[in-house]
Structure formats: C-alpha cells, structure tokens
Amino acid sequence: MQKHRSSEIAASVLQPTTPLDIGARNQRRRIIDAIVDSCAEKTYAATTITDIVGRARISRTTFYKHFEDKRACFDAAIGYCIEQLQEAAAAAHAVEDTPDDAVRKGAAVVIQALAERPGLAQLLTGDAIAVDPRVIECYRKATIPAIEGLWSGSDGSAKAHSDPRLAFGQAQVLILNQIAIGKADRLPELLPEIVYLAVNPFGGHEAALRQSQLASESAISGVAPGER
Amino acid sequence: MSDSPEDLRRWRLPRGRHGLPRELVERSQRERLLAAVVKVTASKGYESTTVGDILGEAGVGRESFYELFDDKLACMLAAHKLLVDDLVERVREVYLDEGAWTARMRRALAVTLDWFSADPETARFTLVELTTVGPAFRPIFQAEFARAVALFEEGMDDGAPKPELAKANSLAVGAILARIYEEVVLGRAAKLPRLLPDLTYELLVPYVGEERARAAAQA
C-alpha cells in the first residue's frame with residue numbers, strides 16, 4: 001500500500017500514483033473526497049480523522065493503511081485534484097489549435113470543473129494555501145509550464161510579455177472572491193478575465209483580449225465557437 | 001512595589017476613581033488587545049492562538065477581554081478592520097488627490113507597498129491569517145475586495161483610460177493583492193517597495209496596452 005508523506009505533494013502531482021487494486025483505489029478516492037468535503041465545510045484545521053472516516057464510511061485502520069496522518073491525506077487530496085484539473089485542461093484542446101485557442105479551451109474546462117465542485121474550488125484557493133503556502137508553487141508547476149509549452153517553438157522557449165506567476169495569482173484572487181460572494185457555481189462568469197490572464201503572459205495583451213472576447217461570446221451562447 | 005495601606009486601598013478602588021476615566025482605560029485596553037492579537041496570531045497562527053495568549057501579550061485580564069469582545073475571532077476581526085481602515089485611509093489620501101490617473105495610481109501603489117513592508121507581522125496578520133479563520137473569512141474577504149475595487153473606481157476620473165475588459169478593475173485589485181500576498185507568505189514583505197515598477201506595468205497593461213504601460217512604469 002502506498003503512503004504519501006507531506007513532502008511528496010509536488011511529486012504526487014507530477015507522477016501519478018501506481019495503480020492500486022480497484023477496491024483500494026475506491027477507498028482512496030472516498031477518503032480524498034471526504035477530506036475535500038470536510039475541509040470545505042469546516043476548514044482543514046477543524047477537520048479530524050473522525051470526520052474523514054465518517055464521511056468516507058471506512059474504518060480508522062483503513063485510513064491509516066492509506067495515509068500516515070491528516071496532513072499526508074490532505075496533500076494527497078490536493079495533488080489528486082491538481083492532477084485531475086491538469087488532465088482535463090490537456091484533453092480540452094486539439095493538436096491543431098493555436099496556443100491562444102488551446103489556452104482558452106483549457107481554462108474553460110478548469111473553470112467549469114471548479115464550478116461543479118465549489119467546495120474544491122474553495123479548498124484550493126483558500127484553505128490549502130493557509131495550510132502550506134508552498135502549494136501555490138505546485139499549482140504553478142501544474143499550469144505555467146503547460147501553458148508556456150504551447151507557445152514555445154522548436155527552440156523550446158517562449159517569450160514572456162508579462163509575469164505568468166502574477167497572472168496566476170490574479171486568477172486565484174478572482175476565483176476566491178467569486179467563492180466569497182457565494183457564487184462558486186457561477187465561476188464561468190469569470191471566464192473572460194481568466195482567459196485574458198491565461199493568454200496574456202505568453203500571447204500578449206492583444207491576443208489575450210481577443211481570446212477573452214471569444215470566451216465571453218461563448219459564455220453568452222453557451223458553446224465556445226469552433227468547439228465540437 | 002510597596003505594600004502601603006494607601007496602595008492597597010487605591011488598588012481596591014472601583015474603576016473610574018484612579019484618575020483615568022473609564023472610557024480611556026477601556027480604550028487603551030482595547031488597543032493593547034488589538035495589538036496583541038496581531039502579534040500573537042502572526043507568529044503562532046490563528047488556530048493555535050488562545051485568548052490566554054492574547055491576554056498575556058496585552059497584559060489585560062480575562063474579564064476585561066470579554067467585556068470588549070465576544071471571543072478570539074471577534075478580537076481578530078476588530079484588529080483586522082482597524083488595519084484595513086488605516087491602509088484605505090492612507091491610500092485615499094494620495095489616490096484621490098490631484099493629477100493624472102496613472103500617476104495617482106502609481107503613488108497609491110507605492111503607499112500600499114510601503115504599508116505592507118513596514119511591519120511583516122502586521123502584513124502577515126492582515127493577509128495570511130485571515131484566510132484561516134474558517135467560514136467567517138468569506139464575507140470579510142468579499143467586503144474588503146469590493147471596497148478596494150470601489151476605491152479603485154472612485155479614483156478613475158474622465159481622463160482615466162477605458163479598459164476593454166469588463167472586470168478590469170477587479171483584475172487590477174487582484175494583481176495588487178496577489179503580488180503582495182505572495183511576497184508576505186514567502187517572508188519577503190520588507191522588500192515589497194522594489195516591486196513598484198513591475199507592478200505598475202502589470203496593472204496598467206489592460207488599460208493602456210504594453211507600450212504605454214512600460215513608459216508609465218519607468219516614470
């Protein structure tokens with residue numbers, strides 16, 4: 001049985017865990033869902049192992065087979081969530097898409113996924129950072145190189161127009177605010193701004209504005225132009 | 001310390017008869033408690049801070065604490081409000097003054113960076129610890145974010161550029177908050193003022209495009 005230690009948070013994002021048998025994998029998923037839900041409801045600090053095992057409907061023994069402690073479980077949960085969002089974003093665009101289009105589509109999928117699980121959005125943008133600010137670095141590692149990679153030519157480097165790290169922080173603040181005003185389910189309303197922020201660092205201001213415009217049109221019609 | 005009957009008698013006198021008016025005593029107690037909650041929370045974290053810690057730091061008794069605040073959270077939020085009010089007041093002074101919008105914006109940004117760099121404990125308390133208080137955090141974050149965006153808009157006179165993005169002002173406030181938050185979390189609050197040119201540039205791009213933003217940032 002594979003255990004996660006706190007220091008493995010970054011590693012777990014980059015290297016998907018070795019497949020466990022189906023039963024154990026289901027248990028692990030249930031534990032992860034349970035800690036995410038509990039933290040969203042009452043914060044990480046107030047969440048106890050009892051809360052987690054109660055929600056996941058497993059025994060304490062089972063919990064400790066998977067994780068050393070609450071913190072290890074939390075780190076694994078955050079790592080898992082990042083991984084899921086990353087995969088969804090990567091799957092959202094086609095090879096022939098321009099970098100601008102690919103980023104817009106990826107952003108739309110991630111925002112949609114967060115809107116469907118407001119508790120998760122809240123956890124990732126608030127509590128997770130309070131528990132360990134280094135998690136921001138994990139988010140960036142999961143997003144910025146992927147975005148930059150879309151622009152980099154054969155020489156492997158993309159020219160930055162503005163600081164992608166700041167753009168990332170801005171997106172985080174906007175999402176956090178949307179959650180704070182109790183409109184987590186309406187996160188897609190932020191899509192034009194999020195798309196602007198995602199395109200701007202490597203695509204530049206003009207391209208970012210164009211994609212932002214496309215995103216707001218798709219928000220009105222419900223379908224992104226050129227999709228499907 | 002002497003144990004003269006005179007001193008003991010004075011000690012037992014009800015409040016308000018030892019020279020300081022009751023309101024003044026309470027005010028200074030309140031101020032001491034607010035300063036204490038900032039200091040203790042910034043170093044221990046909100047969750048591990050107890051009312052006892054705050055009392056110890058402030059040198060105030062438990063009864064007095066509960067006369068002034070319902071609980072630890074109420075004390076923390078009062079301190080938070082006081083700090084944010086102070087920051088907003090200082091920013092208003094320069095931002096709503098005379099002059100071109102870009103120049104006023106740059107000055108307001110400078111004041112903000114200076115404020116957060118002046119005392120790393122206060123910066124950490126104001127930005128980082130607030131996120132750990134649980135559900136009470138959300139309405140406060142929302143209200144303060146809205147207040148910041150409103151202030152940003154208040155300073156945008158007719159001469160200010162019209163951004164092409166609908167929520168450009170939220171984006172601008174988000175940029176300031178995100179940048180300062182990161183530096184504070186990483187323990188680099190003291191170095192915030194040197195970010196002024198970069199942050200000015202990043203803020204202005206959505207309003208005036210890359211070239212003009214670069215020129216304004218280097219002004």
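Please treat every number below as a calculation from the coordinates, not as lab data. None of these values were measured; they are calculated from a predicted model. Cβ placement follows ideal geometry from the backbone for every residue including glycine, while neighbour counts extend to all protein chains displayed.
Going from the fewest other Cβ atoms within 10 Å to the most, the residues A:ILE82, A:ILE52 appear in the order A:ILE82, A:ILE52. Model label points for B:LEU73 and B:GLU121, set 7 angstrom from Cα along the Cα-to-Cβ axis, are 2.5 nm apart.
Here the gap between B:ARG188 and B:SER48, fully extended at 0.36 nm per residue and compared with their Cα-Cα distance, gives a gain of 48.1 nm. B:VAL173 sits among other residues whose Cβ lies under 13 Å from its own Cβ, and their net charge, with Lys and Arg +1 and Asp and Glu -1, is -2.
Once the C-beta distance of B:LEU96 and A:ARG186 is scaled by a Förster radius of 51 Å, the resulting FRET efficiency is 0.95 to the nearest 0.05. Inter-label distance, B:GLN218 to A:ALA24: 6.0 nm, where each label sits 7 Å from its Cα along the C-beta direction. Net charge around A:ARG186, counting only other residues with Cβ within less than 14 Å of its Cβ (Lys, Arg = +1; Asp, Glu = -1)? Once positives and negatives cancel, what remains is -1.
Dipole magnitude for the range B:76-217: about 280 debye, using +1 per Lys or Arg Cβ and -1 per Asp or Glu Cβ, origin at the Cα centre. Kirkwood-type hydrodynamic radius, the range A:99-220: 14.6 Å, calculated from all non-identical alpha-carbon pairs.
For the range B:76-217, divide the Cα radius of gyration by the Kirkwood radius and give the resulting Rg/Rh value with two decimals.
Ratio of gyration radius to Kirkwood radius for the range B:76-217: 0.96.
Restricted to Cα atoms, the protein assembly as shown shows a radius of gyration and a Dmax of 24.8, 92 angstrom.
In the structure shown, the pairs B:LYS44/B:LYS167; A:LYS70/B:LYS44; B:LYS39/B:LYS191; A:LYS183/B:LYS72 are assessed against 25 Å; a Cα-Cα span above that value is assigned to B:LYS44/B:LYS167; A:LYS183/B:LYS72. Placing dummy labels 7 Å off each Cα toward the beta-carbon, the span from A:ARG134 to B:ASP158 is 5.6 nm.
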